[in-house]
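Scroll down for the structure; my scribbles are underneath it.
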Amino acid sequence: MDLLPGLRDEQPGAPKRGGPPSALSTNFYRLNEKCSKAMWWTVCKYCYAAHVKDKATIPFPTHIHGRKEAWEKHLSGCGYYVGATGNVFQSVESEGEPGEHGRTTKSQCTSPPKFTLAEKLIFWRLLLEFQAEALLPDSFVALLSFRRLLVFLNARCGVPGAVPHRHLIGGRILDEYADLHSVEQRDNVRSVQNRSGGRVNFLSDVWETIAKMHVLGCLVSLFGRVMTYGLRPAGDRHDGIAIAQQMEGVLEELLASEWRVGAVVTDNAGQCGRARRILALRYPNIAFVHCFAHDINNLVKAVLKTVFRQVSADAAGAASFLNTSTSKWLVRAAKAMDKRYGDHFAVFTLCETRWNSMQACFASLLRARGALEDMVFSYRNSSELTDKLRVLGDVWILGKAAERGEDRSSVMRCLVSSSKG
């Protein structure tokens, strides 16, 4: 770092006569100006670095007497020192070797006390809960800004080993916390079963993980309390017999563990229906039913593909086109929203489960309906305006809809309301 004229290290040459130089002097620059016959004015290196980085807002560092007491006093309250080193300065006097004047004392930078084992486990568990709730990757614990924040909140977080490594928090800590959480879930559901005398529901479905692996998810629920029983590899067979064999194995484990199973719930796919019929013959005291929420999704899917096929296709096409044309039409739509509402909103597209995301797509278009109509009207004579966007204009509401005897915006509102319910 370039220094101003007259600014140099506190120790430009050999150490002073009478003993080794102080370790504190390495944190300061010396000015070419004396504060007494034998003392020089000094400035903090960390304050000076902050000043050089942002001269407009951070003034030149305060002059400090070049002696130990003044240096200790400054470093104990210097925020730039903490940010650069990650430690809070503490002055500790310790006995040294006897010299001419008897025993001498020295000041040194010491780390704060470490976390106890119990405190460290609680701290790591809170970190893991924060990571899961914020959907952060394991590497967030390695961010320097995050570590500076922790040190600012508690200086003990700067002690080596206080903040776990990303491989540790995503490995052993996650496994330990998952086991503990599983035990808590099991105890909660078990206490409800013993207290109420009820029979639990066994829920199962095949899920796809982010690693593109299919697993059989097994849940146990009773009166709003849910327990994740396990994730079993689904294998490469997904017919009714294979699913029945997998579910039967889980059922036998539940019954052997003194769980009173009252119902088994799956989705209404063909192979799942066959598996339910097979197992119903073997377990006559258990009700095998399908998930009615899945039926509602299938109903919405069927309606959108038949009666309101054109309406849903127009809405999905307009939303997809806007989000694809990020450099032109999405910018124009945002300007129209800012002009009409003073703010702009997101336009959602369809995800993989189309009928589940249709509500968000319709609602986002209806929320900005007036601004989108203004945008289409402004570019109505432009050759750049495509048919996918023309449906958002007045002709969308007054033209084709009137010819068909329906109001498309009303249809969309009905679908939005039914999807919310």
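Every number here is computed from the coordinates shown, using simple stated rules; none is lab data. Since this is a predicted model, take the numbers as computed values, not measurements. As a convention, Cβ positions derive from the backbone with ideal geometry for all residues, glycine included, and neighbour counts pool all protein chains shown.
Tabulated results
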| quantity | calculated |
| --- | --- |
| Stretch gain in nm, segment T228-N268, where the contour uses 0.36 nm per residue and the Cα spacing is subtracted | 12.3 nm |
| Cβ-based exposure ranking for I64, I296, in which fewest neighbours within 10 Å come first | I296, I64 |
| Ranked T62, T266, criterion: other C-beta atoms within 10 Å, fewest first | T62, T266 |
| FRET efficiency, K335 to A313 (Cβ-Cβ, R0 22 Å, nearest 0.05) | 0.25 |
| Radius 12 Å from Cβ of L279, net charge of other residues (Lys, Arg +1; Asp, Glu -1) | +2 |
| N381-A56 pseudo-label distance in nm [points 7 Å out on the Cα-to-Cβ vector] | 4.5 nm |
| Peptides ranked, highest mean first, by Cβ atoms within 10 Å: ranges 219-232, 311-324, 135-148 | 311-324, 219-232, 135-148 |
| Residue-span extension gain [S320 to R277] - 0.36 nm each, minus C-alpha spacing | 11.3 nm |
| Segment A23-C291, extension gain: residue separation times 0.36 nm, minus the distance between their alpha carbons | 89.4 nm |
| Zone of F152's modelled label, taken as backbone nitrogen in region 48-68 under 20 Å from a point 7 Å along Cα→Cβ | 48-59 |
| Efficiency of FRET between S76 and E176 - r from beta-carbon atoms, R0 30 angstrom, step 0.05 | 0.20 |
| Neighbourhood net charge (12 Å Cβ-Cβ; Lys/Arg +1, Asp/Glu -1) for V215 | 0 |
| At most 12 other Cβ within 10 Å, DSSP loop - GluC sites (Glu not before Pro), region 226-332 | E258 |
| Sites K212 and N298 - FRET efficiency at Förster radius 30 Å, r taken between beta-carbons, to 0.05 | 0.75 |
| Pairs of Cα atoms farther than 18 Å apart, region 268-330, % | 61 percent |
